[in-house]
Amino acid sequence: VQLQASGGGSVQAGGSLRLSCTAPGSAFEINAMGWYRQPPGKQRELVALLTSGGSTHYLDSVEGRFTISRDNVKNTVYLQMNSLKAEDTAVYYCNVVRLGTPLWGQGTLVTVSS
């Protein structure tokens, strides 16, 4: 495990959580930062992606509710999750491509109760 992710927890539907993940090295070494999730019994899927050029991409089901951002000083990527739904329940993983090498966090559990 090379990334430190935090911010998961349990929340009621309609609530909010913010995930954060700090990468090693400097921001100049980062090609892209993103968040994936794996719902129970399902495959891992890309939730949000932020490229070094500032472009973003979101999973259709989270568009308008989730926002990915980064702090270049802290070399940290955030995922602000609003209006959470039960179907957002999953283990969330951060992913950073650093100098062309993908790095993964240990996963943080988000549980949304309806």
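For the residues Val112, Val77, Val96, the requirement of being part of a strand (DSSP E or B), open to solvent by less than 60 Å² (accessible area, probe 1.4 Å), of a type outside the set (Gly, Ala, Ser) and under 19 Å from Ser10 (Cβ atoms) singles out Val112. The strands (runs of 3 or more DSSP E) located wholly in segment 7-70 that include 2 or more residues which are touching a Ser or Thr at 6+ places or on another chain (Cβ under 6 Å) and in contact (Cβ under 8 Å) with a residue 12 or more places away in the chain occupy 9-12, 17-22, 30-38.
Conditions (1) at pLDDT 95 or above; (2) open to solvent by 10 Å² or more (accessible area, probe 1.4 Å); (3) of a type in the set (Phe, Trp, Tyr), marked per residue:
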site	(1), (2), (3)
Leu19	yes, no, no
Asn31	no, yes, no
Gly54	no, yes, no
Leu59	yes, yes, no
Lys85	yes, yes, no
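Could you check segment 1-60 and list, in sequence order, the residues that are touching a Lys or Arg at 6+ places or on another chain (Cβ under 7 Å) and either among the acidic types (Asp, Glu) or on the phi > 0 side of the Ramachandran plot (or both)? The answer is Gly7, Gly25, Glu29, Glu45. Listed by first and then second residue, the pairs with beta-carbon distance under 9 Å, at least 6 apart or on different chains, first residue in segment 101-114 and within 13 Å of Leu17 (Cβ to Cβ) and of a type outside the set (Phe, Trp, Tyr), second open to solvent by less than 50 Å² (accessible area, probe 1.4 Å) and modelled with pLDDT under 90, are Thr108/Ala5.
Restricting the first member to segment 76-87 and to residues that are without any contact (Cβ under 8 Å) to a residue 40 or more places away in the chain, and the second to residues that are part of a strand (DSSP E or B), no beta-carbon pair is closer than 7 Å while six or more apart or on different chains.
The values are calculated or read from the model by the stated rules, or taken from the named source; none is laboratory data. Since this is a predicted model, take the numbers as computed values, not measurements. Cβ atoms come from the backbone with ideal geometry, glycine included; neighbour counts cover every protein chain shown. Ligands, DNA and RNA are excluded from the accessible area calculation, which covers all protein heavy atoms including side chains. Shrake-Rupley method; radii C 1.70, N 1.55, O 1.52, S 1.80 Å.
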